[in-house]
Every structure is written in C-alpha cells, then in structure tokens.
Amino acid sequence: MQNNVSREVFLSTIYNYIGTIAGYIISFFTLFYLTKSLTIAQFGHCSLILNTQTFFFLILSFGLPSVILRYVSEYLVKHDYRTVRKIMWSSMGIIMFFGVLVSIIMAILARKFPGTVNRFFLSQYLFLAVVLGMLRAEVRICEAAFFAFLKQGYKIFFNVLGALLTLFLFVFSIKLGFGLLGIILSIAVVDLFLVVAYILRIELYTRGKISIPSKIDLNRYFTYGIKEYATKVLSFFWDSKIDGYIITFYLGASLTGIFYFAVTAATTLAESMPSSLMQSLSQSVFTRQYVKYENQKELAYLFSLINKLKAFFVFPVFLSFLLVIDKIVIIFFNKYTESILIFQILLIFMIFYIFAMPLRSIVAVLERNEILLWGSAVILYKIPMTIFLTKNYGLIGTAFAVGTSFLLYFVVQFFLTRRVITIVYPWKAFYKIFLNSLVVCIPILFIKPFVKDMISVLILILISVAVYLGISFLHKPFDDYDRQMLNKPFKRILFNF
C-alpha cells in the first residue's frame with residue numbers, strides 16, 4: 001500500500017473516529033433523555049416509526065450509496081471529476097423523484113387502510129416515515145461521497161453539529177409538549193440540514209477541477225447497483241429491523257421498547273469501534289489499490305489486517321460490556337433492566353456480523369456482490385424462526401433468532417467469498433487478542449461491586465484501557481510488517497502492539 005494512500009486512510013480514520021465518538025457521546029445523552037422522558041411503550045412506538053423510516057430508506061436508496069462508494073472511488077483515481085459529478089447528482093435526483101412519488105402513494109394507502117396502519121401505531125406517521133427515509137438516503141449518498149474522497153473533516157464537523165442539533169430539538173419538542181411528532185420532525189430538520197451542508201462542500205470540492213475523460217460503462221453501474229439494492233432491501237428482513245413489527249403483533253409495544261433498547265445499545269457499541277468506522281474507508285482504499293494494481297494478494301493482506309484491527313478493539317470491549325452491562329443499565333436506564341439479558345445475547349452474536357463486514361468490502365471491490373445477495377437467503381430461516389420463538393419464548397426467543405441469523409449470514413458470506421479469492425483469518429492474532437482481553441476481565445470483576453455512578457464507571461473504563469494496552473504491549477498480537485504498515489502515516493512508532 002503506497003505511503004500517501006496509507007496516510008490518507010489512517011488519518012481519515014483517526015479524524016472520523018474522534019468525531020464519531022463525540023457524536024456517540026452526544027447520542028448517549030440523547031438516548032438517556034428520551035428514555036427518561038418517554039414511557040417504554042412510547043419508546044417502542046418511536047422505534048417502530050424509525051424502523052419504518054429505515055424500510056423506506058432501503059426502498060428509495062436503490063443501492064446508490066454503495067454505487068457511489070465503489071465507482072466514485074474509481075473515477076477519483078482516474079481524475080474524472082465530471083463523471084463523479086454526474087454519478088452524484090443523478091443519484092440524488094433519482095432518490096428525490098421516487099421519494100415524492102412513494103410519499104404520495106403511502107398517504108393514499110394510509111387513508112384507504114387505516115385499520116392495518118393503526119395496528120402498528122403508524123396512522124399519523126406513514127407519510128413522514130417516507131420523507132425521513134428519502135432524506136436519510138440523500139444523507140447516505142453524500143456520506144458515501146466523502147468516504148470515497150477520503151475527506152473526513154467537513155463530514156465529522158457537521159455530524160457532531162447534527163447530533164447537537166438533534167439533542168436540542170428533542171428537548172425543545174418534548175418541553176413544548178409536541179411528543180413523538182416533535183421528535184420525528186426534529187429528525188427531518190437535522191437530515192435536511194446535513195444534506196444542504198454536504199452538497200455545498202461536494203460542489204466546492206468537484207466544481208472547476210480539470211477532468212480527464214474516461215470510459216463510462218452504464219451496464220456496470222446498473223448490474224452492480226441492482227444487486228446491491230436487492231441485498232439492502234432484503235437486509236431489512238434478516239437483521240433486527242423487522243422484529244419490532246413481530247414483537248408488537250405478539251407481545252405489545254412495551255416489550256418492543258425493551259427489545260429495541262437492547263438492539264440500540266448493542267448496535268451503537270458495535271458501530272463505535274474504530275475498526276467498524278474504518279469499514280467504508282477501507283472499502284474505498286481497497287478499491288483504489290485494486291484499480292491501480294489488480295493485485296488480489298494485497299487485498300487478502302488488507303483483509304487480514306482489518307480483521308486483526310477489528311478483533312483488537314472488539315474482543316476486550318465486548319467482553320467488558322458483557323460483565324458490566326447490568327450495572328450500566330441500572331445506573332443510567334433503570335426502566336430497562338428487562339433488556340439486560342437480551343443485550344447480552346445480541347452482543348455475543350453481533351461479533352459474527354462485525355467480522356462479516358470485511359467480506360462485504362472484498363466482494364464489493366471485485367464487483368461480485370451477488371455473493372451478498374445470496375447471503376440474504378438467510379431470511380428463509382430468520383422470519384419463521386423469529387415468529388416461532390417470539391410467540392413461544394418471548395424476547396429471549398427473538399434475540400436468539402436474530403443472533404443465529406447473524407451467525408448464519410457470516411458462514412454463508414465466508415464460504416461464498418472464498419470461492420472467488422483466497423482469504424485467511426489471522427487465527428494466531430485472534431488467539432493472542434482474546435487472551436489479552438481475558439486479562440482485562442480480572443480487574444473488572446474486582447472493581448464491579450464498587451461501581452455506583454458515572455464517576456466510578458469512568459474510573460473502571462480508564463483502568464481497563466490501561467490494563468489492556470499494557471498487556472497488549474507485552475503480548476503483541478500484530479507482527480512486524482503489520483506495525484510497519486500501521487505506523488507509516490505517522491513516520492514514527494505510535495502503534496506498538
């Protein structure tokens with residue numbers, strides 16, 4: 001990997017991580033405020049509305065964010081800025097056109113079938129859910145472009161500003177008595193703000209630059225995009241999004257709130273890992289390197305390195321949270337103690353989903369995303385299993401169905417990907433990282449009885465981080481070449497584990 005590309009990706013990752021962590025801290029206080037201000041049933045209703053937003057986002061995005069990430073990265077390498085602009089603005093125009101069309105159709109259906117819509121508490125919100133989905137699709141288009149550009153500063157600044165604005169508008173809406181409607185409108189305002197801010201920066205970055213024309217293959221875009229679109233839409237049915245409707249149908253809105261609190265906590269924890277934030281950046285770098293050299297061996301090495309980084313962060317954090325999540329919920333979210341076991345089940349299986357992500361990068365670079373489509377066949381197991389286990393065993397059954405779906409998805413993706421490229425997981429490094437993570441559990445178990453408030457939680461975190469970094473320095477999981485690659489951007493040894 002060339003030094004300048006190495007520098008771009010790792011510095012972009014650091015900037016992205018700092019900004020995203022700031023956003024997650026703000027989001028933590030936002031979630032804390034919502035759970036204190038809303039009843040469990042209201043939180044369940046809010047989760048259903050946002051799930052419906054996600055469904056329409058998947059419907060309206062047409063796989064275009066993935067197309068942007070894959071092909072904008074390629075045309076930037078070729079310095080064809082004119083094609084980059086064409087791809088960007090045509091994608092945003094398509095989403096806007098179909099967003100308006102679908103919102104009109106949903107408004108008509110809500111009037112014609114009010115009973116069905118009301119069963120899931122969406123009578124007032126179906127139209128707004130479409131608008132939210134359209135705006136979220138536009139935001140993701142812009143975010144994909146910034147990942148392709150490897151320009152993170154502007155994106156990070158406005159993500160943090162958007163998180164602060166969301167918290168302010170939530171507080172403002174609830175204080176004035178607007179309730180759920182105010183919360184939903186607040187999300188729409190923030191997404192509209194982000195779209196405008198991103199567009200202005202993309203225009204500044206691309207307009208007026210000298211462009212070197214290159215061949216445009218619309219068939220490639222369409223083939224790649226349609227497979228990606230089908231994969232994204234099907235993902236709604238095999239991960240945790242559809243479960244809210246099943247839980248509401250069989251168990252009621254209050255238990256939907258309990259379940260989605262656990263899902264939100266587990267997902268936020270997984271997405272806050274530095275290696276998870278590196279996912280889109282790594283795909284852009286994989287694409288750039290492959291377009292330049294068409295070298296599958298380098299892709300295989302990058303795959304191994306990304307997985308080591310994922311394990312380095314995920315193993316100790318997940319093990320630690322499995323041990324202390326009960327304390328954290330009791331201290332900060334005491335209405336949701338029923339979610340503790342659900343969270344633990346989901347977190348154990350979430351590891352398989354996290355380690356499936358580098359596989360997605362590989363198949364995207366090789367334009368073999370039909371593999372992702374085949375992986376979505378897990379819905380044939382997931383939906384009937386979720387219905388059966390939820391009906392008979394409650395939320396524990398739901399969590400088990402979701403978790404085993406993650407495991408099955410990973411297995412399918414891994415074996416199909418190995419048919420097109422030789423990849424190996426770094427098992428020796430995994431073993432060392434797991435042992436180092438187990439060492440961290442020792443001080444956690446001793447300190448846990450004394451954890452009573454936020455200050456003691458922060459002290460526990462600092463001690464755990466110090467112990468983990470110390471044992472990883474002594475028992476290094478990365479080899480010399482890995483450390484050389486990771487330290488290239490800094491021109492000095494900063495990462496020495």
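Which entries in 335/432; 232/310; 78/155; 86/227 show an alpha-carbon gap greater than 28 Å?
As for pairs spanning more than 28 Å Cα to Cα, those are 335/432.
Please check which bits of the stretch 430-465 a label hung off residue 330 would reach, taking the label as a point 7 Å along Cα-to-C-beta and the cut-off as backbone N under 15 Å.
Hits in the stretch 430-465 for residue 330 at 15 Å: 445-454, 456-457.
Students often check this: by mean Cβ neighbours within 10 Å, which of 163-174, 41-52 ranks highest, and how do the rest follow? Kindly include the intermediate steps, with their values, before the conclusion.
Details: 163-174: 17.9, 41-52: 22.2.
Ranked from most to least packed, the peptides come out as 41-52, 163-174.
Filter 297/428; 112/382; 428/476 down to the pairs with a C-alpha to C-alpha distance above 22 Å, please. Intermediate results must be reported in sequence, preceding the final value.
On the way: 297/428 19 Å; 112/382 31 Å; 428/476 11 Å.
Too far apart for the 22 Å limit: 112/382.
Compute the distance in nm between two label points, each set 7 Å from the Cα along the Cα-to-Cβ direction, one at residue 391 and one at residue 422.
Those two pseudo-labels are separated by 4.9 nm.
When ranked by the protection proxy of mean other Cβ atoms within 10 Å per residue, highest first, what sequence do the peptides 416-424, 392-400, 451-459 form?
392-400, 416-424, 451-459
Measuring from a point 7 Å past the Cα of residue 462 along Cα-to-C-beta, which residues in the stretch 417-456 have an amide N at less than 20 Å?
Within reach of a label on residue 462, which here means backbone N under 20 Å from a point 7 Å along Cα→Cβ, the stretch 417-456 contributes 440-456.
Can you tell me which of 402-412, 65-75 comes out highest on packing, and rank the rest after it, using the mean Cβ neighbours within 10 Å?
Final packing ranking: 65-75, 402-412.
Tell me, in nm to one decimal, what length is gained between residue 176 and residue 79 on full extension, where the rule is 0.36 nm per residue of separation less the Cα-Cα distance?
This chain segment gains 29.8 nm when fully extended.
Please label the shape of the stretch 235-488 as rounded, prolate or oblate, based on the square roots a ≥ b ≥ c of the eigenvalues of the alpha-carbon gyration tensor (a/c under 1.5 means rounded; beyond that, a/b larger than b/c means prolate, else oblate).
oblate
Read-outs: derived from the displayed coordinates by stated rules, not from any lab. Quick caveat: nothing in here was measured; it's all calculated off a predicted structure. Cβ coordinates were reconstructed from backbone atoms using ideal geometry, including for glycine residues, and neighbour counts include every protein chain displayed.
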